[in-house]
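The values are calculated or read from the model by the stated rules, or taken from the named source; none is laboratory data. Quick caveat: nothing in here was measured; it's all calculated off a predicted structure. Virtual Cβ from ideal backbone geometry, glycine too; neighbours counted across all protein chains shown.
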Amino acid sequence: MKRIERLLRAETGLDAALIGSAVLDRIVRRRLKLLGLSGLPEFLRRLENSPAELKELIESVVVKETWFFRDREPFHAFARIAREWLAQHPTGTLRALSLPCATGEEPYSMVMALLDAQVPPNRFEIDAADISTDALARAREAVYRKNSFRGADLSFRNRYFQSTHAGYTLHPQVRERVRFHHANLLGEAFTHRQSLYDIVFCRNLLIYFDRAAQAKALTQLAGLLTPHGWLFVGPAEMPLATANGFVGAKLPMAFACRSASPRSAIGQGDHDQRLPVTSINSNRVDCPANLTLEPGDSPSPPSAVHAGPAVLSDLEVARQLADAGRLADSVALCEAHLRQQGPSADAYYLLGLVGEARGEAQAINYYRKALYLEPNHYETLRHIALLLEKNGDTNAARTFRRRAQRVQPAEEGAGKPT
């Protein structure tokens with residue numbers, strides 16, 4: 001199985017450990033049964049000699065689940081940035097990219113956000129790319145079922161879709177504004193692109209890469225952006241971006257950043273001029289007309305991105321996400337923190353809270369990891385006591401409650417019996 005994991009990583013950059021080794025094992029076993037193969041060695045030989053079989057494996061493991069306007073704030077920020085860019089470039093055409101675009105919900109949401117913001121269709125171009133040919137075929141078809149529509153506000157569905165027997169069919173005015181491409185961010189197609197983008201959405205992809213692939217992907221993304229371009233990433237990926245030469249933007253819950261590469265500004269009409277990819281570790285920041293800065297502010301270099309009080313740490317963002325009910329995003333951000341920063345009692349405590357909210361049995365294991373690292377972690381002691389009591393283990397619950405009382409912060413313990 002390790003050789004299959006290495007082959008998958010070489011082709012896609014995906015880290016099997018982050019996809020889930022058990023998930024990959026189930027996919028491979030299912031394929032073995034379908035093909036009537038005797039075992040893993042025979043399947044591996046087929047993978048190495050059959051591009052079609054390798055494609056089937058990739059199609060099975062790539063994550064395709066998404067929905068329209070997944071997280072509203074990035075799309076609100078995207079529309080605001082686009083309007084300001086167009087005001088500064090009265091004859092220019094904004095260029096944006098969505099990757100991976102999966103089945104098309106994200107790039108189509110980008111179009112709808114611009115149309116809702118009264119941006120003329122002839123003032124923007126949106127490309128979308130994905131490694132999955134199956135997903136691209138569905139995106140081009142642009143017929144969606146109820147699972148693609150989530151959240152309380154679905155008014156856009158009435159404006160831009162027609163209900164048919166096959167599902168909700170997207171209006172041509174939106175569908176025709178997106179150009180789809182089959183491509184891999186880590187592949188040659190992106191290395192040799194001759195076009196640059198003002199805005200790139202690359203959300204929730206980097207978290208599935210190992211460190212080497214993450215670094216390469218961020219270098220590729222830096223090279224795809226115009227000198228003052230914007231990159232939108234997933235909430236778990238902001239620490240990765242800011243640790244690799246991007247500057248976090250102060251757009252709450254939008255998870256946007258800008259490249260700190262010291263490239264000189266280019267004028268209108270230079271979108272098709274290929275610029276050399278400079279070092280992604282530069283500390284210089286070029287941010288004219290930065291929507292994210294308050295009067296008197298100045299952008300911080302990557303090394304100081306977490307130093308100022310106005311910038312939330314990744315775990316603080318994870319806590320806010322959990323409070324907002326976005327549990328999967330909170331988990332992803334905690335896991336990214338653990339990969340980048342190493343073991344953390346606070347991260348394991350938050351994973352325990354989310355696991356408990358989800359009703360997962362492993363929640364108590366996260367609490368135990370937190371206490372292993374920090375035996376007097378008060379909040380963890382409180383929550384593990386409550387969880388054990390809920391599970392009927394009253395003796396263990398009593399022990400942890402006593403430990404919590406001994407380390408209880410003074411302001412909370414004042415006036416309470418000990």
Sole residue being surrounded by fewer than 17 Cβ atoms within 10 Å (Cβ to Cβ) and either of a type outside the set (A, V, I, L, M) or in contact with a Phe, Trp or Tyr (Cβ under 9 Å, 6 or more places away or on another chain) (or both), chosen from Arg211, Arg177, Arg157: Arg211
Filter the range 287-344 for residues that are over 30 Å from Arg150 (Cβ atoms) and modelled with pLDDT of 65 or more; the one that is surrounded by the fewest Cβ atoms within 10 Å (Cβ to Cβ) is Gly342
How many of the residues making up the range 390-404 are of a type outside the set (A, V, I, L, M) and surrounded by 16 or more Cβ atoms within 10 Å (Cβ to Cβ)? 3
With criteria (1) modelled with pLDDT of 85 or more; (2) surrounded by fewer than 17 Cβ atoms within 10 Å (Cβ to Cβ), Ile364 comes up short on (2)
In the set Glu42, Glu65, which member is exposed (fewer than 15 other Cβ atoms within 10 Å of the Cβ), in a loop (DSSP other than H, G, I, E, B), of a type outside the set (Ser, Thr, Tyr) and modelled with pLDDT under 95? Glu65
